[in-house]
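Chemist: Quick one: this structure, given as structure tokens, is what I'll be asking you about.
The values are calculated or read from the model by the stated rules, or taken from the named source; none is laboratory data. What you are looking at is a predicted structure, and each value in this text was computed from that prediction instead of being measured. Here the Cβ positions follow ideal geometry from the backbone for every residue, glycine too, while neighbour counts run over all protein chains shown. These area figures cover heavy atoms from the full protein model, side chains too; ligands, DNA and RNA do not enter into them. Shrake-Rupley method; radii C 1.70, N 1.55, O 1.52, S 1.80 Å.
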Amino acid sequence: MEKDPGCHQDVAKTAGEMLGPEAQLDDMVGAHTDYNEEEEEQKYFRRKRLGVVKNVLAASLAAMLTYSVYLGLLQMQLILHYDETYREVKYSNMELEDIDRKVLMGINVTPVVALLYTPVLIRFFGTKWTMFLAVGIYALFVSSNYWERYFTLVPSAVAIGVAIVPLWASLGNYITRMAQKYYEYANYKEEHVQEQRQAPRGACSAYIVVFQTIFYICFHLSFICAQMPMLFFLNNYIYQLNHTLYGVKRCGTLSHGTLTGFNKTVLHSLPRSVNLIVVESVLMAAAFLAMLVVLLLCGSAYRTTEEIDLRSIGWGNIFQLPFKHMRDYRLRHLLPFFIYSGFEVLFVCNDFSLNYGVCTLGLEKLAYLLIAYGFSASTCSSFALCMLRLQRQYPLLAGALLHASILVTLFCWAPMPRQVEQAPLLYTIAALWGMGSALNKTGISILLGMLYEDKERQDFVFTIYHWWQALAIFAVYLWSGLPMKAKLSLMLLALGLAAGSYGWMERRLAQRVAFRLPRMPRPRHRASGYRYLEDNDSDETNSEGEGTSRDNSHPPAEEDETPRDDKEQRN
């Protein structure tokens, strides 16, 4: 029997129609001939590295804006409240002088207890959100100045004191973590990066140097920006030096307390309330911008699973670990440098600026003196990049030597009041002090990042650093009534002790003396959920009964502390 040829044609046509969609599907979802997996991987990690750089710049900008607003507003507030006429005309019997004393007390005294809550705060909220919360508290301080009363100014000042150490500890931790993440994205093909193991010691050092340098270059610009309200607003109302310094008899090393004899009336006319509101609104906008920068531009410092691990070691352990870390001889040898770091920044903003600068040049030149300091500190922060080629102790010891020579000069120098011919020398000293401050601040942060590369320890270490710095600032607040020679002697003593102690630490490290690090407790997780499933667990829909029996058979997480490798306990 002969087959119909038309039937064969229909079958072939039907088969072709059936194969057509499959071929189209292959063309749509199949691998493209021009797809280069390695090139796409390089583009992905390049975007990741650019994201890290964006995070560092955003955090630096936020810190600069925050402290520009804070320092500028506090300086303007203290000058206005110091004027006798302003107090009586604007606020009559409010006792603004007493309120200002309590504001300064709240800012300087509250950080004394910061070691008790800062690590818990950072682990609970996370590094980024701690930064955001602290910047928000600084913005609250600005908003309280719209209505200056005891119950607005003093509580906001206490809140500032609470936020100082968490802000700086989280910033130091954040910049160091960004350096480590940049290393991971730049070396993504390395085996230890792919397995999420710790990098070899010293692998991230170059990135830490660069990122901390960028941060302090930006941050020290805050001393310049903080003088904008003084330059463009308050200087229009300030008396010249012949009036404000009329009763001042001694300056410099012969002075006692804070600018004894300074005139109680420093404003020749009172600023209008509308103008004050405009200035405070500009500062409030800058503070709000800093909050938005942290919120929108700063990425997370840790992966989500890493934050869970950091938080899951137990709140009691988180509370104890900063105290345990201070048993490490490296931190103990650095404590004098932490203390001196707090001494020097408040000394230049208070004692040097007033007892040397204002006493000689007048209050109207205070802004220019601090601008010279801030510009020099910002520019000279880049000198820390020499740690990429030279030994790490050079910047710190060079800054210490520079400050020691300036302190000896100030100890022997007593300029005459209203002697404006001394202006070039004063600006030079302010610029040189800024150079030493830049080497000090940048060098310490880089050194801590190099010595403590474990991501689970960095928040504790930076908390210890900034807590001791806050204690030193509190000590400077207490000694404000001492003679200038006593203050300079204490500064020289602290600086000599800091340099000697640091040199001894480097010598012990060179001799391979073992240091003592507390063991980090293991994260304690529940044995359920998708994050911590074991290899033999299943998330299939038909395994619910088996999953229940396996969950009950898991032993509880151990609470012992995990030891570190011996290689990681050597520098």
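Chemist: Looking for something open to solvent by 20 Å² or more (accessible area, probe 1.4 Å), of a type outside the set (Ser, Thr, Tyr) and either on the phi > 0 side of the Ramachandran plot or modelled with pLDDT of 95 or more (or both) - is there at least one such residue anywhere in the stretch 115-126?
Modeler: no
Chemist: What is the one condition in (1) over 27 Å from the mean Cα position of the chain (by Cα); (2) buried (at least 22 other Cβ atoms within 10 Å of the Cβ) that Gly399 does not satisfy?
Modeler: The failed condition is (1).
Chemist: Answer yes or no as to whether Asn263 is touching a Leu at 6+ places or on another chain (Cβ under 8 Å) and free of Cβ contacts under 8 Å to residues at least 60 places away in the same chain. Talk me through it step by step, then tell me what you get.
Modeler: Details: touching a Leu at 6+ places or on another chain (Cβ under 8 Å): yes; free of Cβ contacts under 8 Å to residues at least 60 places away in the same chain: yes.
Criteria met by Asn263.
Chemist: Right, next: So which helices (runs of 4 or more DSSP H) are wholly in the stretch 229-324 and hold at least 3 residues that are open to solvent by less than 20 Å² (accessible area, probe 1.4 Å)?
Modeler: It comes to 273-297.
Chemist: Within the stretch 81-89, is there a residue that is among the aromatic types (Phe, Trp, Tyr), over 26 Å from Ala285 (Cβ atoms), open to solvent by 20 Å² or more (accessible area, probe 1.4 Å) and more than 19 Å from the chain's Cα centre (by Cα)?
Modeler: Residues of the stretch 81-89 that are among the aromatic types (Phe, Trp, Tyr), as a first pass: 82, 86.
Now narrow it down to the ones that are over 26 Å from Ala285 (Cβ atoms): 82.
Next, only the ones that are open to solvent by 20 Å² or more (accessible area, probe 1.4 Å) stay: 82.
This time we only want the ones that are more than 19 Å from the chain's Cα centre (by Cα), so: 82.
Scanning the stretch 81-89, I find at least one residue that is among the aromatic types (Phe, Trp, Tyr), over 26 Å from Ala285 (Cβ atoms), open to solvent by 20 Å² or more (accessible area, probe 1.4 Å) and more than 19 Å from the chain's Cα centre (by Cα), so the answer is yes.
Chemist: How many residues are within 13 Å of the chain's Cα centre (by Cα), of a type outside the set (S, T, N, Q) and buried (at least 22 other Cβ atoms within 10 Å of the Cβ) if we restrict to the stretch 57-70?
Modeler: 5
Chemist: Taking the stretch 139-151 on its own, how many of its residues are assigned to a helix (DSSP H, G or I) and open to solvent by 10 Å² or more (accessible area, probe 1.4 Å)? Reasoning before the result, please.
Modeler: Our first condition is that a residue be assigned to a helix (DSSP H, G or I); within the stretch 139-151, this holds for 139-146, 150-151.
Restricting the remaining residues to those that are open to solvent by 10 Å² or more (accessible area, probe 1.4 Å) gives 140, 143-144, 146, 150-151.
Result for the stretch 139-151: 6.
Chemist: All but one of (1) assigned to a helix (DSSP H, G or I); (2) under 25 Å from Thr258 (Cα atoms); (3) among the small types (Gly, Ala, Ser) hold for Ser382, so report the exception by its number.
Modeler: So Ser382 meets the others, but not (2).
Chemist: A further question follows. What number goes with the only condition from (1) touching a Leu at 6+ places or on another chain (Cβ under 7 Å); (2) closer than 20 Å to Asp351 by Cβ; (3) at pLDDT below 95 that Ala404 does not pass?
Modeler: (3)
Chemist: Then there's this: Can you report the number of residues in the stretch 377-399 which are under 13 Å from Leu447 (Cβ atoms) and not charged (D, E, K, R)?
Modeler: Of all residues in the stretch 377-399, those under 13 Å from Leu447 (Cβ atoms) come to 384, 387, 391-397, 399.
Add one more test, that the residue is not charged (D, E, K, R), and what stays is 384, 387, 391, 393-397, 399.
The qualifying residues number 9.
Chemist: Same structure, new question: Which condition from (1) touching a His at 6+ places or on another chain (Cβ under 7 Å); (2) more than 30 Å from Gly374 (Cα to Cα); (3) in a helix (DSSP H, G or I) is the one that Val165 breaks?
Modeler: Tallying (1) touching a His at 6+ places or on another chain (Cβ under 7 Å); (2) more than 30 Å from Gly374 (Cα to Cα); (3) in a helix (DSSP H, G or I), Val165 fails exactly one: (2).
Chemist: Residue check: is Leu133 farther than 16 Å from Phe319 by Cα, assigned to a helix (DSSP H, G or I), open to solvent by 50 Å² or more (accessible area, probe 1.4 Å) and at pLDDT 95 or above?
Modeler: When the stated conditions are applied, Leu133 passes them.
Chemist: Among the residues of the stretch 90-129, how many are under 21 Å from the mean Cα position of the chain (by Cα) and either farther than 28 Å from Val476 by Cβ or charged (D, E, K, R) (or both)?
Modeler: Number of matching residues: 7.
Chemist: Got a sec? Which helices (runs of 4 or more DSSP H) wholly within the stretch 179-226 have at least 1 residues that are within 29 Å of Ala431 (Cα to Cα) and modelled with pLDDT of 85 or more?
Modeler: 205-219, 222-225
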